[in-house]
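The values are calculated or read from the model by the stated rules, or taken from the named source; none is laboratory data. Small disclaimer: the values here were computed from a predicted structure and weren't measured. Every residue, glycine among them, receives a Cβ derived from its backbone with ideal geometry; neighbour counts consider all protein chains shown. Heavy atoms of the whole protein, side chains included, go into the accessibility calculation; ligands, DNA and RNA do not. Shrake-Rupley method; radii C 1.70, N 1.55, O 1.52, S 1.80 Å.
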Amino acid sequence: MTIQTIIDQTFDAQKKAFLSGKTADVSTRLTLLERFKRVILEHKQEIYQALDSDLGKTPDIIDMAEIGAVTEEIDVMLENLATWTVDEVFPLTGAFEGSEGRIRAEPYGVVYIIGPFNYPFNLTLTPLIGAIAAGNTAILKPSESTPATSAVIKKVVEKTFDADIVTVIEGGRTENEILLAKPFDFFFFTGSPNVGKIVMKAAADQLAPVVLELGGKCPVVVFEDADSDLLVERLAFTKFLNSGQTCVAPDYLLVPTSIKSSVIEKLINTLRRDYEGKNIGKVVSERQIEKLAGYLEKTKGRVLLGGDYQENSRQFSATVVSDVEWDDALMQDEIFGPILPIITYDDLATVRKNIIEHHEKPLALYVFSRNEQAALDFISTIQSGDAQINDALTHAMCPQLPFGGIGPSGMGKYHGKTSFDIYSHKRSIRTVKA
């Protein structure tokens, strides 16, 4: 059987199941989510092995950023779904006084979810949880760049769901092109802006809603009054987690000239203590290793730490580059690796201008300052998907906060209640009492 036939039959079966009302009952959705969590936890060891093989992730990181992120999202749905699915009923006023309004959350239908390589378990399955909670069926395509994790995702899904509710299609460009040509009712993509544009065109052909979780160079802006110890502690973890392959990782550091030396000294000492000579995970491919090495060959900045790499084992050391300018090779595209460029500045107005001019609307903006209001005021002057004060990256793991980009960093938000909402068509119903 060809892949075209498999996909055609899978899509038709899911459409039939959806139209039959198989996923309509809320208690059915809750049962599926409970089973999903149980099956995931039963396969913890296999998930550990897969993510170690693909990306060199350790069990503690997997528990936090992969398995833990997924099960926590399930818990939020289990706790709240019965309330979220109740119709909102209210009396209408004005010219419609005497009649009743009703807003009902209804599923869209068959959803296509495309997962990325960097957090392949989390960022493929967390979008699925919202789709199931809202009553949709779904076809998933995990990243072909992480084959071991893709295989375990397929196994977990098949042990949880009937194929006409959720199916995993493994593969690469060929499979994706076939899937994108199907008349899905909703598209969800996490990955690069270039592929995001392709997905958006496919959604446009179907006049279907789409969520795009893309990327961008996320700046860290340090104020003069920042707690430098806190800054270094958070930066050392969030920048180099998963070998820097996190879409919301700090991409570059903006430090006032007045505190540059002390911040760099503390950062270098911390990184030497925590990372020098140690495995910080695997870069996804030798091709990406070459790309990162190319940045260092072209940079005009000073490499203060790291720069070492091994292509065969896909290792790249934690690297810091100072005296970087806005036109540097390191400042052209999202780095997506364990290299931190440092730019110094003298006034915040120029910082704001340069961020907007060079890397408009990043996925996240990070500000470190003891003055919360000053930080909030600065954040309000720069558009970004999300922002944090005195931390980085971790907001993306919080199910209570909507997560997503804006403009070139994406469109649409998800997590928790927001996930349920994006996958639900809000249908208005008016009743005139007979």
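For the stretch 90-183, what is the convex hull (Cα atoms) projected area averaged across all directions, in square nanometres?
8.6
Highest GNM mean-square fluctuation, the chain, Cα pairs closer than 10 Å: which of Leu55, Leu140, Leu41?
Leu41
Per residue, how much accessible surface does the chain expose to a 1.4 Å probe? Answer in Å², no decimals.
Details: 18500 Å² over 434 residues.
On a per-residue basis, 43 Å².
Could you check how much of the accessible area of the stretch 182-254 is carbon and sulfur, as a whole percent, using a 1.4 Å probe? Working shown, then result.
On the way: 1280 of 2230 Å².
Answer for the stretch 182-254: carbon and sulfur cover 58 percent of the accessible area.
Once neighbouring chains are kept in place and the probe is 1.4 Å, which whole percent of the accessible area of the stretch 343-411 is contributed by carbon and sulfur? Present the calculation step by step, with values, prior to reporting the outcome.
On the way: 1580 of 3110 Å².
Roughly 51 percent, rounded to a whole number.
Going from the alpha-carbon gyration tensor of the chain, what semi-axes, largest first and in whole Å, does one get by taking the root of 5 times each eigenvalue?
Output for the chain: semi-axes of 40, 27, 19 Å.
What net charge is computed for the residues neighbouring Arg102, neighbours being all others with C-beta under 10 Å from the C-beta of Arg102, Lys and Arg scored +1, Asp and Glu -1?
Numbers: positive: Arg104, Arg427, Arg430; negative: Asp87, Glu88, Glu100.
Once positives and negatives cancel, what remains is 0.
Using label points projected 7 Å from each Cα along Cα→Cβ, tell me how many nm separate Ile198 and Asp162, to one decimal.
Each label point is offset 7 Å from its Cα along the Cβ direction, giving 3.3 nm.
Counting Lys and Arg as +1 and Asp and Glu as -1, what is the net charge of the other residues whose Cβ lies under 15 Å from the Cβ of Lys298?
The answer is -4.
Can you check what the net charge comes to around Gly130, using other residues whose Cβ is under 9 Å from the Cβ of Gly130 (Lys, Arg +1; Asp, Glu -1)?
Values: positive: none; negative: Glu73, Asp421.
Value of the local net charge: -2.
Please go through the residue pairs Lys57/Lys159; Lys37/Lys159; Lys141/Lys413 and name each one whose alpha carbons sit more than 22 Å apart in this structure.
Values: Lys57/Lys159 24 Å; Lys37/Lys159 11 Å; Lys141/Lys413 20 Å.
Distance filter (> 22 Å) returns Lys57/Lys159.
How many percent of the accessible area of the stretch 43-170 is carbon or sulfur, using a 1.4 Å probe?
Details: 2270 of 4480 Å².
After summing per-atom areas, the C and S share lands at 51 percent.
Pull up the cross-link candidates among the lysines for Lys300, meaning alpha carbon to alpha carbon under 30 Å and not fewer than 8 places away within one chain.
Lys217, Lys239, Lys260, Lys266, Lys278, Lys282, Lys291, Lys353, Lys361
Please list, in order along the stretch 61-68, the HN-Hα scalar couplings obtained from phi with the Karplus expression 6.51 cos²θ - 1.76 cosθ + 1.60 (θ = phi - 60°), rounded to whole Hz, x for Gly and Pro.
5, 5, 4, 7, 9, 10, 4, x
Does the stretch 211-310 come out rounded, prolate or oblate, given a ≥ b ≥ c as the square roots of the eigenvalues of its C-alpha gyration tensor, rounded meaning a/c under 1.5 and, failing that, prolate meaning a/b above b/c? Before the final figure, lay out each step's value.
Values: a/c = 1.62, a/b = 1.33, b/c = 1.22.
Note, shape of the stretch 211-310 comes out prolate.
At Leu401 and Val26, where each label point lies 7 Å from the Cα along Cα→Cβ, what is the point-to-point distance in nanometres?
2.9
If you average 1/r across every pair of different Cα atoms in the stretch 172-258 and take the reciprocal, what Kirkwood value do you get, in Å?
On the way: mean 1/r = 0.0637 Å⁻¹.
Computed over Cα pairs of the stretch 172-258, the Kirkwood hydrodynamic radius comes out at 15.7 Å.
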